[in-house]
Amino acid sequence: MKVLPVILRPAPAPWRAPVLDRRHGLFLALGLVLAVGAAEAQGAAAAHPSVLATLWRWTPLLMEGFVFNIAISLLAMAIGTVMGVLLGLGQVAPSAALRRVAWFLTQFFRNAPWLVLLFFAMFLLPFEVRVGGVTIPLPGWLKATIGFSLPVMANTAEIVRGAIQSIPFGQWEAAESLAFSRRRTLWMIILPQCVKRMLPPWMNLYSLVTMATVLASVVGVTEMLTLVSEVHAAEGGRAELLAPLYGYALICFFLYCYPIGRLTVHLERRFQVRI
Amino acid sequence: MNPAPPLLSVRDVHKKFGDVEVLKGVSFDVRRGEVICIIGPSGSGKSTILRCINALVPIDSGSILVDGQEVNDPKLDKLALRRKVGMVFQQYNLFPHKTALQNVMMAPIHVLKQDKAEVEARAYRLMKKVRLEGKEQSYPGELSGGQQQRVAIARSLAMNPEIILFDEVTAALDPETVKEVLVTIRELAEDGMTCVLVTHEMGFAREVGDHIYFTDRGVIVEHGAPKEFFAQAQDPRTRQFLDQIL
Ligand SMILES: Nc1ncnc2c1ncn2[C@@H]1O[C@H](COP(=O)(O)OP(=O)(O)O)[C@@H](O)[C@H]1O
Ligand SMILES: [Mg+2]
């Protein structure tokens, strides 16, 4: 009997964004322990205070920076998501002109390097805007947040568009035959079914944004990475402190992003079974 | 005696998709309480006819009157039309994120703005009517194909339509569950519901149909009352189709 080899070949797995797993954490922790150990040994020889004590002393300041990173990531995610949903809906709008504009904006901001968008936001946005008679200052961190919200917007738009188009056409048709308007169909029937499909990639996006917020140090926002380098300078710029300090920052990001990654994987699995 | 005008009157309907002429002058009438069956090979335009009646697809020329209302009219009140014309699909197309009962209740509440308590009572009655008592809170994914299709019928009935269009509603079902759906449709027909059935179930068409239409490549080749139609269809295209399927 002849067997069709084409049919038996398994479909290629779709590309998936890498997810942080336990091994990353273990690797990081091990690296930090080694770096701290090495620095302690060197420091002891030169009669410097203990590295651990140094880290501990600066922890409140570093945490302030870290919280700032989180705040930037959350705000960028909120702004970007709202704009991204609108842009995603624009890509499935009845108007062809609107669809084309939305498609172009999405592709443009999705394919621009994040750092470039950040620079654009920093240098193109004014330091204050006047709305009516009120002057709203735009500090650097806010501009950076807007800069990060642009790629969030574009990626969210793509997630929304993909999810809407993955819903079978029969759902639209059934709703239409029941006299649902297009808008009502979208909000009551299509989008609720999309949420499950959108949540995992959207959470992945959030992890990426969080880790990308350190780019803001390049444009002079005092987030965690900036503070790490300032602490390093304040400690006399000793070379053996570099690895422990930056390792410490890495661990903070890992501890924050790892649970999000696990939850994403968990949700993905659950939704796969349910749908 | 002056007979009442037909509830649905399709006159010389033409429809092209791009360059392909899918309907080439289709005409037929359906009277109130009548059940007509449309049979024909795949791709002959049966689904398109139903979609045109419901204004899901605009027609190029001709006329479709539903209860005296012209469907091929740019000023058509689609809400009014779709209240009158229900539709059931081959793939059920239930809303998977809503329970069976919610599927039935959604359109009357959100589109017709009817009272929720009243709609809910009606939805329970309809679930009972399609023999799905106890399945009200199930999600479509938890129901068999036949059960889902009966929910879809109940959902369509909830709008109190004058006529229901069935598009090969048993074609996707397991042979065992086909029967339960046909029973439901037969009961509707016996209650006096006007039905247009596109179907491959010839036995059912012969039994329930008042009139059979055979379509091929966008035209109605021939039609007749079931007994005569199945016994003495003349056209070779009809004969060939019936020989293949029976
Ligand atoms: N939306 C559409 N766009 C283009 N072609 C279509 C569309 N819908 C149906 N057709 C074509 O019209 C023809 C008739 O389709 P259909 O009405 O579904 O036939 P049937 O239901 O009898 O199988 C087919 O050739 C089909 O490919
Ligand atoms: Mg069809």
Quick one: P(r) of chain A from all Cα-Cα pairs, 5 Å bins, percents rounded to integers, in order of increasing distance. 1, 5, 10, 12, 13, 13, 12, 10, 8, 6, 4, 3, 2, 1, 1, 0, 0
Starting with the highest mean, order B:226-236, B:102-112 by the number of other Cβ atoms within 10 Å, averaged over the residues of each peptide. B:102-112, B:226-236
Semi-axes of the equivalent ellipsoid of region B:23-65: what are they in whole Å, largest first, if each equals the square root of 5 times a C-alpha gyration tensor eigenvalue? 17, 15, 10
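Given C-alpha coordinates of region B:127-246, what is the ratio Rg to Rh with the Kirkwood estimate of Rh?
On the way: Rg = 15.9 Å, Rh = 15.7 Å.
Over the Cα atoms of region B:127-246, Rg/Rh equals 1.01.
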Place +1 on the Cβ of every Lys and Arg and -1 on the Cβ of every Asp and Glu in region A:60-218, take the dipole about the Cα centre, and give the residue among A:Leu215, A:Phe123, A:Val101 whose Cα lies farthest towards its positive end. A:Val101
Residues whose built amide H sits under 5 Å from the amide H of B:Ile38, excluding neighbours closer than 5 in sequence, are B:Leu197, B:Val198, B:Thr199, B:Tyr213
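Which order do the peptides A:90-97, A:68-75 take when ranked by the mean count of other beta-carbon atoms within 10 Å per residue, highest first?
A:68-75, A:90-97
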At what distance in nm do the modelled label points of A:Val82 and B:Gln232 sit from each other, each positioned 7 Å from its Cα along Cα→Cβ? 7.5
Direction-averaged shadow area of the convex hull around the Cα atoms of region A:82-178, nm²? 8.4
Report, as a whole number in µm² per second, the diffusion coefficient that Stokes-Einstein gives for region A:41-134 at 10 °C and 1.306 mPa s using the Kirkwood radius over alpha carbon pairs. 89
Derived scalar couplings ³J(HN,Hα) [region A:145-154; Karplus, 6.51 cos²θ - 1.76 cosθ + 1.60; whole Hz; x for Gly, Pro]: 4, 4, x, 6, 5, 5, x, 4, 4, 5
Semi-axes of region B:102-142 from the Cα gyration tensor (sqrt of 5 times each eigenvalue, largest first, whole Å) come to 19, 12, 7
If you count, for each residue, the other Cβ atoms within 10 Å and average over each peptide, how do A:162-170, B:92-100 line up from highest to lowest? B:92-100, A:162-170
Sort A:Val67, B:Val151, B:Val219 so the one with the fewest other Cβ atoms within 10 Å of its own Cβ comes first. A:Val67, B:Val219, B:Val151
Taking a spot 7 Å from the Cα of A:Leu30 along the direction of its beta carbon, which residues of region A:204-247 have an amide N less than 20 Å from it? A:243-247
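At 0.36 nm per residue, minus the direct Cα-Cα distance, what do B:His14 and B:Glu176 gain on full extension? Give it in nm, one decimal, please.
Working: separation 162, 0.36 × 162 = 58.32 nm, distance 3.79 nm.
Length difference between fully extended and current span is 54.5 nm.
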Calculated Rg and Dmax of chain B using C-alpha coordinates, Å: 18.0, 55
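Could you give the length gained by full extension between B:Ala4 and B:Glu118, i.e. 0.36 nm per residue of separation minus their alpha carbon distance, to one decimal place? Spell out each step's value before the answer.
Values: separation 114, 0.36 × 114 = 41.04 nm, distance 3.25 nm.
Net length gain for the segment: 37.8 nm.
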Using θ = phi - 60° and the Karplus relation 6.51 cos²θ - 1.76 cosθ + 1.60, list the HN-Hα couplings for region B:102-113 in order, rounded to whole Hz, with x at every Gly or Pro. 5, 4, 6, 7, 3, 5, x, 6, 8, 9, 8, 6
Taking θ = phi - 60°, what integer Hz values does the Karplus form 6.51 cos²θ - 1.76 cosθ + 1.60 yield along region A:224-240, in sequence order, with x for Gly and Pro? 4, 5, 4, 5, 4, 6, 5, 4, 4, 5, 5, 8, x, x, 5, 4, 6
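Report the gain in length on full extension from B:Glu162 to B:Ser138: 0.36 nm times residue separation, minus Cα-Cα distance, nm rounded to one decimal. Write out the running numbers ahead of the final one.
Values: separation 24, 0.36 × 24 = 8.64 nm, distance 2.80 nm.
In short, 5.8 nm is gained.
For region B:42-153, what value does the Rg/Rh ratio take when both radii are computed over Cα atoms and Rh is the Kirkwood radius, given to two decimals?
Looking at region B:42-153, the ratio lands at 1.03.
Can you flag which of B:Lys98/B:Lys128; B:Lys24/B:Lys84; B:Lys24/B:Lys227; B:Lys129/B:Lys179; B:Lys16/B:Lys46; B:Lys84/B:Lys135 are past 21 Å Cα-Cα? Present the calculation step by step, with values, prior to reporting the outcome.
Values: B:Lys98/B:Lys128 18 Å; B:Lys24/B:Lys84 26 Å; B:Lys24/B:Lys227 27 Å; B:Lys129/B:Lys179 16 Å; B:Lys16/B:Lys46 14 Å; B:Lys84/B:Lys135 27 Å.
Pairs exceeding 21 Å: B:Lys24/B:Lys84; B:Lys24/B:Lys227; B:Lys84/B:Lys135.
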Ignore the peptide's own chain and count Cβ atoms of other chains within 10 Å of each Cβ in A:181-193; give me the average, rounded. 2
Under a point spin-label approximation (7 Å from Cα along Cα-to-Cβ), what is the B:Asp60-A:Ala97 distance to one decimal in nm? 2.9
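Antiparallel as a % of all DSSP beta bridges within the protein assembly as shown, to the nearest 5? Show your work: numbers first, answer last.
Values: 24 of 41 bridges.
If I count the DSSP bridges inside the protein assembly as shown, around 60 percent turn out antiparallel.
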Short to long, in 5 Å steps from zero, the percent of alpha-carbon pairs of region A:42-97 per bin is 4, 15, 11, 11, 9, 9, 8, 7, 6, 6, 5, 4, 3, 2, 1
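Other chains near B:203-210: what is the mean number of their Cβ atoms within 10 Å of each residue's Cβ? Could you put the intermediate results ahead of the total?
Values: counts 0, 0, 0, 0, 0, 0, 0, 0.
Mean partner-chain Cβ count within 10 Å for B:203-210: 0.
Return the average number of partner chain Cβ atoms within 10 angstrom of each residue Cβ along peptide B:85-98. Please list the in-between numbers first.
Working: counts 2, 2, 5, 2, 4, 1, 6, 2, 10, 3, 9, 8, 9, 4.
For this peptide, the per-residue mean of nearby foreign Cβ atoms is 5.
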Zero-based 10 Å bins, Cα pair distances in the protein assembly as shown, whole percents: 3, 14, 19, 18, 14, 11, 9, 6, 3, 1, 0, 0
Inter-site label distance for A:Trp56 and A:Ala112 at 7 Å from Cα along Cβ, in nm: 4.7
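From Cα pairs below 8 angstrom and at least 6 apart in sequence, can you work out the relative contact order of chain A, rounded to a whole percent? Intermediate results must be reported in sequence, preceding the final value.
Working: 278 pairs, mean separation 77.2, N = 275.
Once divided by the residue count of chain A, the mean separation gives 28 percent.
No value in this document is a laboratory result; all are computed from the given coordinates. On a predicted model such as this, the values are computed, not experimentally measured, just so you know. Heads up, the Cβs are rebuilt from the backbone with ideal geometry, glycines too, and the neighbour counts pull from every protein chain shown.
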